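K.L.:
Next up is a structure, given as C-alpha cells.
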Amino acid sequence: MQQPKFILTDIEGTTTPKTFVFDVLFPYFLAHLDEVRIHQNEADFSTCILDVKETLKCENRRTSVTLEDVLETLKYWVEMDRKHPALKTLQGLIWENGYRKGALKGVLYEDVPTQLKKWSKEGIKLGVYSSGSVKAQKLLFGFSNFGNFCTLFHAYFDTGVGNKREVKAYERIVQELEIDAADILFLSDISEELDAASQSGMQTIQLIRDETTSPAINHSQVKSFNDIIWK
C-alpha cells in the first residue's frame, strides 16, 4: 500500500475495544439519564428532547409525548444501539460530565497512541469518523488512558455527514477534506463501512481485533495499527 495523505479511522472495534462502549459508556449514560431531566431547560438538552419527541410523533403517530416518554425511549434506543442524532448528542453531554469528573477515561488499544504519533510525524493528516457524536469522539481521545490525543486530529465526522454504511457519507467527507479519495485510507472493523468507503474511492483496511469481527474478503486485514506498513 502506498502511503496515504490522510488516515480516517473508526473508533469502536478499531481504536477502542467494543467492550468499552457497551460495558462502560452505555451503562454510564443510563445510570445518569436523570441529568436529561435536570438540564431539560438548557439549550443543548432541550433541543435534543424536542428532536426525540418529534421522532416519536412521526414514527408512532402520537399527538402528545411527555418527558417520561422521552426518557423511556432513550433507554430503548440505547438497548437497540440506535444511531439517532439526539441520542448521540445527549450521550456526549452526559459523558462529558463523567470525563471531567474523572469517572470516565477513554480506552485505546496499546498500539494506537504510538502509531498515531508516528503517522502524524510522517506528515499524514488524521481524522475520525464514528457514529458517536463529535463531542463524544473528542472526549474519548482527549481523556484517554494514554493522555490527550485531540491535537493529532485534523477533522472529526459523525453521522451528520451520513450513515457510515452509505457511499454518499464518504463522498461528503472527501469533499470536505478537499483531498483525492485515493489518498485517503479508512480504517474500520465493519465490512459494510469499508465497502462504502471503497466505493467512494478511498483505500481501506479492516481491523480484526478479536473473534467478534467477521473478516471482509474484499479488504486488506490487520490485527493492529502496528501491522500497517507503507511501501
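The values are calculated or read from the model by the stated rules, or taken from the named source; none is laboratory data. In this text the structure is predicted, and so the values were computed from the model without any measurement. Positions of Cβ are backbone-derived with ideal geometry, glycine not excepted, and every protein chain shown enters the neighbour counts.
K.L.:
Check whether at least one residue in the stretch 84-91 is assigned to a loop (DSSP other than H, G, I, E, B) and either at pLDDT 95 or above or under 14 Å from the mean Cα position of the chain (by Cα) (or both), and report yes or no.
P.N.:
The answer is yes; a qualifying residue exists.
K.L.:
Filter the stretch 66-83 down to residues that are at pLDDT 95 or above and touching a helix residue (DSSP H, G or I) at 6+ places or on another chain (Cβ under 7 Å), then give me how many there are.
P.N.:
Result for the stretch 66-83: 9.
K.L.:
Against the conditions (1) touching a residue at least 24 places away in the same chain (Cβ under 8 Å); (2) surrounded by fewer than 18 Cβ atoms within 10 Å (Cβ to Cβ); (3) assigned to a loop (DSSP other than H, G, I, E, B), where does residue 211 fall short? Just the number, please.
P.N.:
(1)
K.L.:
Take the residues of the stretch 116-159 that are under 14 Å from the mean Cα position of the chain (by Cα) and among the polar types (S, T, N, Q): which is nearest to residue 176 (Cα to Cα)?
P.N.:
By that ranking, first place goes to 159.
K.L.:
Next up: With the condition kept exactly as written, say whether any residue in the stretch 20-30 is within 13 Å of the chain's Cα centre (by Cα) and on the phi > 0 side of the Ramachandran plot.
P.N.:
No, every residue in the stretch 20-30 fails to be within 13 Å of the chain's Cα centre (by Cα) and on the phi > 0 side of the Ramachandran plot.
K.L.:
Okay, moving on. I'd like to check something: does the stretch 129-136 contain any residue that is assigned by TED's automatic domain parsing to the domain that holds residue 178, more than 26 Å from residue 33 (Cβ to Cβ) and of a type in the set (D, E, K, R)?
P.N.:
Checked the stretch 129-136: no residue is assigned by TED's automatic domain parsing to the domain that holds residue 178, more than 26 Å from residue 33 (Cβ to Cβ) and of a type in the set (D, E, K, R).
K.L.:
Here's a follow-up. Taking the condition within 30 Å of residue 177 (Cβ to Cβ), free of Cβ contacts under 8 Å to residues at least 40 places away in the same chain and of a type in the set (Lys, Arg), does residue 82 pass?
P.N.:
Yes.
K.L.:
So in the stretch 26-45, with the set limited to residues that are over 12 Å from residue 93 (Cα atoms) and aliphatic (A, V, I, L, M), which one is surrounded by the fewest Cβ atoms within 10 Å (Cβ to Cβ)?
P.N.:
38
K.L.:
Kindly indicate which of 48, 58 is exposed (fewer than 13 other Cβ atoms within 10 Å of the Cβ) and either among the aromatic types (Phe, Trp, Tyr) or assigned to a helix (DSSP H, G or I) (or both).
P.N.:
So the residue among 48, 58 that is exposed (fewer than 13 other Cβ atoms within 10 Å of the Cβ) and either among the aromatic types (Phe, Trp, Tyr) or assigned to a helix (DSSP H, G or I) (or both) is 58.
K.L.:
Within the stretch 94-111, count every residue that is part of a loop (DSSP other than H, G, I, E, B) and not hydrophobic (A, V, I, L, M, F, W, C).
P.N.:
4
K.L.:
Let me ask you something else. Somewhere in the stretch 156-173, is a residue part of a strand (DSSP E or B), out of contact with any Asp or Glu (no Cβ under 6 Å at 6 or more places or on another chain), outside the structural domain of residue 39 (by TED's automatic domain parsing) and touching a residue at least 12 places away in the same chain (Cβ under 8 Å)?
P.N.:
Taking every residue of the stretch 156-173 in turn, at least one turns out to be part of a strand (DSSP E or B), out of contact with any Asp or Glu (no Cβ under 6 Å at 6 or more places or on another chain), outside the structural domain of residue 39 (by TED's automatic domain parsing) and touching a residue at least 12 places away in the same chain (Cβ under 8 Å).
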